[in-house]
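Beneath this line is the structure, given in structure tokens, with notes to follow.
The values are calculated or read from the model by the stated rules, or taken from the named source; none is laboratory data. For clarity, every value in this text was computed on a predicted model and none was experimentally measured. Cβ atoms come from the backbone with ideal geometry, glycine included; neighbour counts cover every protein chain shown.
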Amino acid sequence: MLNWAPFAEKSKRDSLFKLSVLALALAGFVSANPVAQADEHPLTGVQRPVIEIGGGGQTLGSGLNILLKVGFSVRKYTNSPSEKLSERDYQEQLVIAHFSGDFGISTQGDGNRIPYLDIEFIPVDNHLEFVNTPGQLVVMGNLRFLPTELNRNLQIDEQLGVRVSAIGLQLDAIKYSDRNSGIIAQLAVDALGYKMVSYANGLGKFAGFHIAQAALEAGYATYINDSFYVRVALGGSADLNTGKNSGGESARQSDQDVYLSIKANIHEMIEIFLKAGFVHTTNSGLDLPNRTTPLLQGGATFIF
């Protein structure tokens, strides 16, 4: 009797290959077709959703992970986007349902399939942009409501972390040195909410009041040409929380990180990224055996 299994497997592979080619062709059509990617609805001002899908590799401590990145957001202009910034001096957008997620999928086969997770969800983000044409200074402000983060990092014994803030503020500034290059800076603060961390290896749990989280980033950005943009930045963040560990003792908990980030954007369709740094955690009521781990990740995302 003939063994049809190899032919069946080949047929499956051929079908998957054809479907992949078709999906890429459709994605290219949507990106290139001005009708398919109309910037906004003519009546509501709501833009088409921005979707990012990509991946790459990640080293977390001594482990190697496959990195999956996904993102989604919807923007709505609250004033007419047809009026240029230089004519109005400001532009306002309302971001609805911003989601971004990094998933580290283990290649070690040790039973921990997802040792790393970093998810951010912001239900409402009011974005306001000002421009000072004579000084070539652009300032952008974001008022964020209920920013929520979900994370996991087994290299520092954090099995699951949840942080919900009542409100957040993010300020971005670009000071242009010429038409195509400039110094960039970003300051973000989220405050007043709830923080929970469930530790691995029987270390218990922390839960309590989230006081604040602050993040700072500064660097340089330049357009090599009309369709190629490079951004290099140094950054870091830290939060402060007070509450109790599962044993009942009072504790102060904090997560921090420092990093170097390099991004290259090609035609606003592909973004290549590289990020290297360290992640650190502290808990005043626990003697954590693993407090610091290096983090390196790189890859590319496709923007639709």
Given (1) at pLDDT 95 or above; (2) surrounded by fewer than 17 Cβ atoms within 10 Å (Cβ to Cβ); (3) among the hydroxyl-bearing types (Ser, Thr, Tyr), number of the condition SER165 does not satisfy: (2)
Go through THR281, THR222 for me and flag whichever is buried (at least 16 other Cβ atoms within 10 Å of the Cβ) and hydroxyl-bearing (Ser, Thr, Tyr). THR281
Out of curiosity, is GLN155 outside any strand (DSSP E or B), surrounded by 17 or more Cβ atoms within 10 Å (Cβ to Cβ), assigned by TED's automatic domain parsing to the domain that holds GLN213 and touching a residue at least 24 places away in the same chain (Cβ under 8 Å)? yes
Look through GLY182, GLY141 and report the one residue that is assigned by TED's automatic domain parsing to the domain that holds GLY61, in contact with a Lys or Arg (Cβ under 6 Å, 6 or more places away or on another chain), surrounded by 14 or more Cβ atoms within 10 Å (Cβ to Cβ) and over 15 Å from ASN283 (Cβ atoms). GLY182
Whichever residue in region 243-254 is among the charged types (D, E, K, R) and out of contact with any Phe, Trp or Tyr (no Cβ under 8 Å at 6 or more places or on another chain) and, among such residues, is surrounded by the fewest Cβ atoms within 10 Å (Cβ to Cβ): GLU249
Where LYS275 falls short, out of the listed (1) out of contact with any helix residue (DSSP H, G or I) (no Cβ under 6 Å at 6 or more places or on another chain); (2) buried (at least 17 other Cβ atoms within 10 Å of the Cβ); (3) touching a residue at least 60 places away in the same chain (Cβ under 8 Å); (4) not hydrophobic (A, V, I, L, M, F, W, C): (3)
How many residues does region 163-181 hold that are touching a strand residue (DSSP E or B) at 6+ places or on another chain (Cβ under 6 Å) and closer than 30 Å to ASP226 by Cβ? 9
Within 30 Å of ILE272 (Cβ to Cβ), touching a strand residue (DSSP E or B) at 6+ places or on another chain (Cβ under 9 Å) and among the hydrophobic types (A, V, I, L, M, F, W, C), is that true of VAL230? yes
Is it true that some residue in region 172-191 is in a strand (DSSP E or B), farther than 23 Å from GLY61 by Cβ, in contact with a Pro (Cβ under 9 Å, 6 or more places away or on another chain) and not aliphatic (A, V, I, L, M)? yes
Just need a number here: residues in region 51-72 that are modelled with pLDDT of 90 or more and either small (Gly, Ala, Ser) or out of contact with any strand residue (DSSP E or B) (no Cβ under 9 Å at 6 or more places or on another chain) (or both). 5
Which condition breaks for LEU240 when tested against (1) in contact with a Phe, Trp or Tyr (Cβ under 7 Å, 6 or more places away or on another chain); (2) more than 18 Å from ALA221 (Cα to Cα); (3) at pLDDT 95 or above? (1)
